[in-house]
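The values are calculated or read from the model by the stated rules, or taken from the named source; none is laboratory data. From a predicted model like this one, the values you see are computed outputs, not experimental measurements. In this analysis, Cβ positions are derived from the backbone assuming ideal geometry, glycine residues included, and neighbour counts consider all displayed protein chains. What goes into the accessible areas is simple: the full protein's heavy atoms, side chains included, and nothing from ligands, DNA or RNA. Shrake-Rupley method; radii C 1.70, N 1.55, O 1.52, S 1.80 Å.
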Amino acid sequence: MSESAWTTLEALPRPRLEQLFADPRRLEALCTTLDLPGGAIRFDWSKTHLDGPVIEVLAQIAADMDVEGKREAMFGGEAINNTEGRAVEHTAQRGVGCPDSVDQAMANHQRMRGLVEAILTGDFGEVKSLIHIGIGGSALGPALAIDALTRDGARVEVHVVSNIDGCALEQAFSRCDPKTTMLALASKTFTTIETMTNAESAIEWMRQAGVEDPYGRIIALTASPAKAMEWGVDETRCLPFSETVGGRYSLWSSIGFPVALALGWEDFAAFLEGATAMDRHFYEAPLHENVVFRAAFADLYYAQARRCETRAVFAYDERLALLPDYLQQLEMESNGKSVTADGKPVGRPTAPVTWGGVGTDAQHAVFQLLHQGTHLIPVDFIAVIASGDTLDPAHHRILLSNCFAQGAALMAGQKSDDGARAYPGDRPSATILCDDLDPATLGSLIAFHEHRTFVNGAMLGINSFDQFGVELGKAIAKRIESEGAAGFDASTAALLEAAGIGAG
Ligand code: F6P
């Protein structure tokens, strides 16, 4: 049924962007400003090819795919992650969802708050730094939030370490005094090899420095508290969260502990509140005014009708430098699938590759391809009106004017008789412009992207909440650890041998 609608979408007329702007109501129709707890955020999708007919077809697909029903099921705590038999309840962590799950999340938050305040008021002696060890969803969110929100200083300095490469952990060691450092071990499963290996080495670092009870300096952030306790973390320092919170959606749970410690509880609560406001918008706003649906519709239009294989995100704000990394996991791990929730081939492109960087740096590196290359790449620009620095206002003014200039240039292009100097134009971009970058605004921004990812997946019939694609490589790495190079193809066996790992 939807297949023919996708075909209809592909066959729709393709007016150029500047033709679309002939409609004087275009900006009003496709640019929405939401008043959110941290200030306003303007979502300007007018420089995309969304128009009445495109939106109509996509709304029809949304109806065919029962996206609103799926949204209801998610907020209602139904087991929409069908391949793992789990509900999807990250929104309960910020107070929206099935009442029992919300109560449980609030109780877990109270526990987390108690520990944050105990550390900040000195119950653990002098604590100057926290090494947060986790990977993927257990690291990317904390790293983003801390980098974005603590540029002016933090209550406790946090170092996020994810990679198994010892260089990462050693760098954190070199910046911390083991006697005034605590460790947060963040792992939903409490089995991830990188995290457990780094944790052992961090304990050893403390022990060698003469810290008497290194295990007494550990906080576990996990959905598997029994495993954490078995490993040696005292129950009073295990901060649990529900299995129904996916790893890449877990920043709102106790995985956000380092953020709460760095900012203090009030700011962490504001971060949650910003996300809650976006949950309510997504849940309550009619489809045609819903910024989440609008963004997802544009994503799908480009991936499906125009066959764009990537989408780019440029933060014109140094504080959001880690946002593209965060969105890569969110979008690619959620929707980088080939089968629908019932295991049948999707038969269409799924998640494009998410990539990006920071402006203006990226302008001097990759924007050539955006303006004149042969790929059509929809771009999101994200900027903040209030400057994050205290230097001459010229810095921020030039930053923002460059951001807006890029969107205008991509759209308008420029004719020239000299091919090398001609810009085709008609290249789409969306702009998200925030009043300020405070905890609540960051919460709203991240929640917006979570729901956008959900709608993208739901429109294609994908289960956005499993990630079986990461398992095979892990299993093979384990096999190498136990059995060495035996049984591998010639290339892999030779690589193992060259690196001296082949013996088994
Ligand atoms: O390997 C992928 C993954 O399972 C991610 O989905 C997850 O965020 C990450 O590993 C870390 O997992 P955990 O929190 O269980 O250590």
Quick one: in the range 406-439, of everything that is aliphatic (A, V, I, L, M) and more than 18 Å from THR48 (Cβ to Cβ), which residue is nearest to the chain's Cα centre (by Cα)?
LEU437
Any idea which residue in the range 94-136 is farthest from the chain's Cα centre (by Cα), counting only those that are within 16 Å of the ligand (Cβ to nearest atom) and open to solvent by less than 10 Å² (accessible area, probe 1.4 Å)?
ILE131
Picked from the range 455-468 (must be open to solvent by 10 Å² or more (accessible area, probe 1.4 Å) and either among the hydrophobic types (A, V, I, L, M, F, W, C) or at pLDDT below 95 (or both)), the residue nearest to TRP265 (Cα to Cα) is PHE465
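Residues of the range 202-228 being within 16 Å of the ligand (Cβ to nearest atom), in a helix (DSSP H, G or I) and either without any contact (Cβ under 8 Å) to a residue 12 or more places away in the chain or open to solvent by less than 60 Å² (accessible area, probe 1.4 Å) (or both), which ones?
Hits for the range 202-228 are ALA202, PRO225, ALA226, ALA228.
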Within the set of pairs 6+ apart or on separate chains, which have a first residue in the range 384-406 that is farther than 19 Å from LEU323 by Cα and assigned to a helix (DSSP H, G or I), a second that is aromatic (Phe, Trp, Tyr) and modelled with pLDDT under 95, and C-beta atoms under 7 Å apart?
none
Quick one: LEU17 ticks every box in (1) open to solvent by 10 Å² or more (accessible area, probe 1.4 Å); (2) touching a Lys or Arg at 6+ places or on another chain (Cβ under 8 Å) except a single one, so which number is it?
(1)
Going by the structure shown, is LEU410 touching a strand residue (DSSP E or B) at 6+ places or on another chain (Cβ under 6 Å), farther than 27 Å from THR340 by Cβ and not in a helix (DSSP H, G or I)?
no
Of the residues in the range 169-190, those that are away from the ligand (no atom under 12 Å from the Cβ) and touching a Ser or Thr at 6+ places or on another chain (Cβ under 7 Å) come to LEU169, CYS176, THR180, THR181
Could you check, for the range 176-192, whether at least one of its residues is open to solvent by 60 Å² or more (accessible area, probe 1.4 Å) and assigned to a helix (DSSP H, G or I)?
yes
Out of all the residues in the range 312-334, is one or more within 16 Å of the ligand (Cβ to nearest atom), farther than 23 Å from ALA148 by Cα and in contact with a Ser or Thr (Cβ under 8 Å, 6 or more places away or on another chain)?
yes
Kindly check whether there is at least one residue in the range 473-494 that is within 30 Å of ALA143 (Cβ to Cβ) and either of a type in the set (Ser, Thr, Tyr) or not in a helix (DSSP H, G or I) (or both).
no
Is it the case that GLU126 is within 25 Å of VAL211 (Cβ to Cβ), in the same structural domain as ILE219 (by TED's automatic domain parsing), outside any loop (DSSP other than H, G, I, E, B) and of a type in the set (Asp, Glu)?
no
Does at least one position in the range 36-43 carry a residue that is part of a loop (DSSP other than H, G, I, E, B) and either at pLDDT below 95 or open to solvent by 40 Å² or more (accessible area, probe 1.4 Å) (or both)?
yes
Say whether the condition of being away from the ligand (no atom under 16 Å from the Cβ) and either farther than 30 Å from GLU204 by Cβ or over 20 Å from the mean Cα position of the chain (by Cα) (or both) is met by at least one residue in the range 240-259.
no
Determine, yes or no, whether THR83 is buried (at least 19 other Cβ atoms within 10 Å of the Cβ) and either assigned to a loop (DSSP other than H, G, I, E, B) or away from the ligand (no atom under 16 Å from the Cβ) (or both).
no
Among (1) assigned to a helix (DSSP H, G or I); (2) within 16 Å of the ligand (Cβ to nearest atom) - the single one ALA275 does not satisfy
(2)
Any hit, the range 281-300, residues being part of a strand (DSSP E or B) and either within 16 Å of the ligand (Cβ to nearest atom) or open to solvent by 30 Å² or more (accessible area, probe 1.4 Å) (or both)
no
Would you be able to say whether some residue in the range 157-168 is part of a strand (DSSP E or B) and within 16 Å of the ligand (Cβ to nearest atom)?
yes
Can we say PHE468 is aromatic (Phe, Trp, Tyr) and under 30 Å from ASP299 (Cβ atoms)?
yes
Can you find even one residue in the range 51-68 that is surrounded by fewer than 16 Cβ atoms within 10 Å (Cβ to Cβ) and at positive phi?
yes
Considering residues of the range 347-378 that are hydroxyl-bearing (Ser, Thr, Tyr) and assigned to a loop (DSSP other than H, G, I, E, B) only, the residue farthest from ALA420 (Cα to Cα)
THR350
So, ASP436, is that one out of contact with any Leu (no Cβ under 8 Å at 6 or more places or on another chain), touching a residue at least 40 places away in the same chain (Cβ under 8 Å) and either more than 16 Å from the ligand (Cβ to nearest atom) or on the phi > 0 side of the Ramachandran plot (or both) or not?
yes
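Of all residues in the range 191-201, which are near the ligand (Cβ under 7 Å from one of its atoms) and without any contact (Cβ under 8 Å) to a residue 60 or more places away in the chain? Walk me through it before giving the result.
We begin by selecting, within the range 191-201, every residue near the ligand (Cβ under 7 Å from one of its atoms); these are 191-192, 195.
Within the range 191-201, THR191, THR192 qualify.
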